[in-house]
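I have placed the structure first, in the form of structure tokens, so that the comments after it can refer back to it.
The values are calculated or read from the model by the stated rules, or taken from the named source; none is laboratory data. Computed from a predicted model, the values in this text were never measured in an experiment. Backbone-built Cβ (ideal geometry, glycine too); neighbour counts: all protein chains shown.
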Amino acid sequence: MNASATSASSPSTPADASQDADAPDLSSLRVAVIGAGNMGGPVATCMIRAGVPGEQVLIVNSTPESSQRAADDLGARAADSREEALAGADVIVLGVKPYQIIDLLGEVGDAVGQDAVVLSLAAGVTLEAMENALPNGTAVVRAMPNTPIGIGEGVVALMSGSSVSAEQETLVRALFAEAGAVEEITEAQVHAVIGAAGSAPAFAYYAMEAMIEEAVRQGLKRPVATRLVAQTLRGAATMVLETGEHPAVLRSNVSSPGGTTVQGIAALDREGVRTGLAAAMEAAARSSKELSGE
Ligand SMILES: NC(=O)C1=CN([C@@H]2O[C@H](COP(=O)(O)OP(=O)(O)OC[C@H]3O[C@@H](n4cnc5c(N)ncnc54)[C@H](OP(=O)(O)O)[C@@H]3O)[C@@H](O)[C@H]2O)C=CC1
Ligand SMILES: O=C(O)[C@@H]1CCC=N1
């Protein structure tokens, strides 16, 4: 591995990483991203923000044109071939669809360097299945990210395979130092994490869309409604993170006796919104389990 991951310390925030003199040096790292789409793209962005030079992040999509487009968007480099991307790669990001992962590993396994880390983003493809598809001893890490990592406000949950060293774990954490939050989880937890984080931005956008459209129906212009709803939800999320208060306590602070908010909350309860949100998360977790063959 080109990067000198000299410490087992675990940077968990951008501030930690930038202040930690023992953090891995990412400036000579080579990264191959196979599948820089909606999720592989933000992962590449994170790694570049963390300190990997863009020209050392090689992109391979399904066509040369698509690789070039993604590389231009990301400030990375399009590889002429998968072989070029893999040659000398320290980290190989797999951002293709879950059903493609095992076949892809079968095709590229022999080109994976001895000290390289294979980092899969795929839902439902287990570490064991990936290790079985690769030469013995290959370091495999599973990540369950969400798209807001591309703006430094996301979550990445990490799971390490049986051949991943402490140095490689530190390296992967450093690569996600600009993601927002990094959590280490077990594979048994990943289904719940998909419901709470991987798929959850879509649930949040769904709720926002409904709120914005109702505000428009009530007479606000769409750009104004969008700003108000987005800023309000950002503020509410930040209050939860910064105060450490239970959301129910923060909700009670908004709910004046006999006022407007309690009427709104009663309507949410009548319409089954709490049950609906739980059902969405349960469905995502169940789908993840089914993909894993559980
Ligand atoms: N989207 C999300 O929020 C999240 C996704 N994931 C996981 O990320 C993975 C990718 O999902 P997502 O980004 O949404 O999907 P996308 O369809 O947006 O991206 C898939 C990428 O794979 C590329 N690709 C397809 N076939 C090949 C191939 N044979 N060789 C190289 N590249 C190829 C596509 O290239 P092209 O554009 O040229 O077709 C595209 O860039 C999935 O495994 C998913 O489970 C995990 C967490 C969250
Ligand atoms: O929808 C999906 O399958 C992927 C995994 C988590 C978010 N998107």
* Lone qualifier among 235, 244, 195, 219 - being among the small types (Gly, Ala, Ser) and surrounded by 12 or more Cβ atoms within 10 Å (Cβ to Cβ) -> 195
* Asked: So which residues in segment 123-133 are closer than 19 Å to residue 86 by Cα and either within 15 Å of ligand 2 (Cβ to nearest atom) or touching a strand residue (DSSP E or B) at 6+ places or on another chain (Cβ under 8 Å) (or both)?
  -> 130, 131
* Asked: If we keep just the residues of segment 214-248 that are of a type in the set (Val, Ile, Thr) and farther than 25 Å from residue 155 by Cβ, which is nearest to the chain's Cα centre (by Cα)?
  -> 224
* Near pairs, Cβ below 6 angstrom, 6+ apart or cross-chain, from segment 256-276 (in the same structural domain as residue 203 (by TED's automatic domain parsing) and assigned to a helix (DSSP H, G or I)) to any residue that is surrounded by 10 or more Cβ atoms within 10 Å (Cβ to Cβ) and modelled with pLDDT of 95 or more -> 261/254; 261/255; 262/255
* Within segment 260-284, considering residues that are exposed (fewer than 12 other Cβ atoms within 10 Å of the Cβ) and among the β-branched types (Val, Ile, Thr), the one nearest to the chain's Cα centre (by Cα) -> 275
* **Tally, over segment 285-294, of residues that are farther than 11 Å from residue 190 by Cβ and either under 21 Å from the mean Cα position of the chain (by Cα) or basic (Lys, Arg) (or both)** => 3
* Quick check: is even one residue across segment 168-190 within 16 Å of ligand 2 (Cβ to nearest atom), touching a Leu at 6+ places or on another chain (Cβ under 6 Å) and part of a strand (DSSP E or B)? -> no
* Within segment 119-144, restricting attention to residues that are within 12 Å of residue 160 (Cβ to Cβ) and in a strand (DSSP E or B), which residue is farthest from ligand 1 (Cβ to nearest atom)? -> 139
* Candidate set from segment 26-62 (those that are farther than 20 Å from residue 113 by Cβ and β-branched (Val, Ile, Thr)); member that is farthest from ligand 1 (Cβ to nearest atom) -> 48
* Take residue 150 and decide whether it is at pLDDT 95 or above, in contact with a strand residue (DSSP E or B) (Cβ under 8 Å, 6 or more places away or on another chain), assigned by TED's automatic domain parsing to the domain that holds residue 88 and surrounded by fewer than 23 Cβ atoms within 10 Å (Cβ to Cβ). => no
* **Selected residue (only one of 57, 52, 43, 31 is within 16 Å of ligand 2 (Cβ to nearest atom), surrounded by 15 or more Cβ atoms within 10 Å (Cβ to Cβ), modelled with pLDDT of 95 or more and aliphatic (A, V, I, L, M))** => 43
* To do: Would you be able to tell me the number of residues in segment 86-118 that are surrounded by 15 or more Cβ atoms within 10 Å (Cβ to Cβ) and in a loop (DSSP other than H, G, I, E, B)?
  => 7
* Asked: Taking into account only those residues within segment 63-84 that are of a type in the set (Gly, Ala, Ser) and within 26 Å of residue 291 (Cβ to Cβ), which is farthest from ligand 1 (Cβ to nearest atom)?
  -> 70
* Asked: Taking into account only those residues within segment 64-85 that are outside any strand (DSSP E or B) and aliphatic (A, V, I, L, M), which is nearest to the chain's Cα centre (by Cα)?
  -> 74
